[in-house]
Amino acid sequence: MITVRKPSHFRILLLASLLALPRANAHGQIKGVLANGIYNDGPNIYWDADPVNEQTAIRKMYQAAGPSYVLPQDFADNSKMACEGALGAPKTITASAGSVVRVDWVGATAELDGKPGTGNVPQGQNPWVHAMGTMASYIAKCTNEDCTTYDASQASWVKLALFGIDRSETISDGLRETMQNKPEEYYPTPGTSGLWGMARFVEAGSSWTITIPEGLANGHYIIRQEVGAIHNPWNAKDDTSGTQLYIGCIQIEIINGGNTKLPGGTKAGSLYATDGAFARYNVYEDNGKTFVDPGPTLWPSLSHAKRDVYVPFQSNAVNDSAVYNTDLSERRMKKVKKTVLV
């Protein structure tokens with residue numbers, strides 16, 4: 001029996017060893033979240049006794065022995081589509097209305113470790129392993145004002161932002177080269193422009209940002225971060241095929257807010273049709289040409305946020321002291337230094 005008094009270091013070693021094991025169904029999870037200058041580590045799905053599991057505000061996306069994503073046949077399941085069926089996390093983090101929350105993800109395998117185009121991923125942490133697909137952010141109110149016990153399957157989700165494909169941009173040469181050495185080559189192919197939100201996510205070091213609406217009323221909410229991978233198109237003869245949704249839920253208390261309340265949202269099981277265009281999209285046949293952003297409309301007052309959810313980071317290490325605020329309308333990027341308590 002080994003006793004370790006530095007859990008953060010131990011977690012890195014433990015995940016590095018366990019994630020190196022072959023796993024057909026695991027592609028990654030939320031590593032941690034930076035909000036109001038404080039970093040909160042994600043749960044350890046491999047070791048329940050890890051002290052981090054008592055301090056996290058991030059719900060377990062999946063159990064180590066279970067599937068790590070939701071497939072189209074379960075798109076109508078309110079529980080699986082909310083937070084992959086996860087129960088409440090023990091803690092809640094705070095974020096000011098109008099602030100930017102940074103979400104760091106970690107890949108389950110080392111396929112892209114140290115490869116070109118994957119951004120500044122901290123040593124010992126794997127980049128996300130896919131580059132084709134969407135990045136979406138939703139928010140819902142915990143109507144019982146206690147997200148630790150709230151049943152997310154009952155939530156009404158409001159879409160804050162979505163990055164599908166930007167046909168005015170393209171993937172970096174480095175990441176395109178990296179993806180050529182994986183099972184799925186990047187589409188759109190060379191000569192056809194098109195940057196997927198997921199490619200931008202990988203280029204940003206497997207990190208993403210979510211802007212809390214300005215003036216949102218104080219209270220307890222869940223942020224639902226969704227990574228939609230489209231590298232394995234739907235096949236009627238293969239029940240493991242179709243768009244894969246990796247869904248992470250973050251319990252958050254909004255402070256310094258205003259009087260704006262969330263509009264009526266959408267139950268998780270009604271976000272996307274089980275047999276719709278998103279569920280059955282074939283990127284290899286379409287080459288990104290006709291893809292349409294899926295799901296409900298963006299919150300009207302935030303319609304300008306559709307594409308402005310990415311900020312390039314110099315680092316996304318746990319002790320990073322850089323917090324980024326984004327002026328969405330002008331797409332200007334301003335780095336603000338804060339003290340981070342870990």
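So the values come out like this:
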read-out	value
Nearby aspartates and glutamates by direct alpha-carbon distance to Lys60 (threshold 12 angstrom, same-chain neighbours under 8 apart not counted)	Asp41, Asp48, Glu84
Solvent-accessible surface (1.4 angstrom probe) belonging to Lys289, in square angstrom, nearest 10	130 Å²
Accessible heavy-atom area order of Thr297, Thr189, Thr209, highest first, probe of 1.4 Å	Thr297, Thr189, Thr209
For the range 146-203, convex hull of alpha carbons as volume per residue, Å³	145 Å³
Heavy-atom accessible area ranking, 1.4 Å probe, most first, across Tyr46, Tyr150, Tyr138	Tyr46, Tyr150, Tyr138
Segment Ala76-Ser270, extension gain: residue separation times 0.36 nm, minus the distance between their alpha carbons	69.2 nm
Segment Thr297-Thr143, length gained on full extension (0.36 nm per residue, minus Cα span)	53.2 nm
With all protein chains modelled, accessible area of Met61 [1.4 Å, Å²]	10 Å²
Area of Ser172 that stays accessible when all protein chains are in place (1.4 Å probe, Å², to 10)	40 Å²
R0 of 25 Å, Cβ-Cβ distance Asp173-Lys289: FRET efficiency to nearest 0.05	0.70
Shape category assigned to the range 31-73 from the gyration tensor of Cα positions, a/c cut at 1.5	oblate
Entries of Lys80/Lys182; Lys159/Lys289; Lys182/Lys267 with Cα pairs more than 27 Å apart	Lys80/Lys182; Lys182/Lys267
Principal semi-axes in Å for the range 215-266 [√(5λ), Cα gyration tensor, largest first]	36, 11, 8
Sulfur and carbon atoms: percent of accessible area, the range 121-215 [1.4 Å]	42 percent
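The values are calculated or read from the model by the stated rules, or taken from the named source; none is laboratory data. Since the structure is predicted, the reported quantities are computational estimates derived from the model, not experimental observations. In this analysis, Cβ positions are derived from the backbone assuming ideal geometry, glycine residues included, and neighbour counts consider all displayed protein chains. Ligands, DNA and RNA are excluded from the accessible area calculation, which covers all protein heavy atoms including side chains. Shrake-Rupley method; radii C 1.70, N 1.55, O 1.52, S 1.80 Å.
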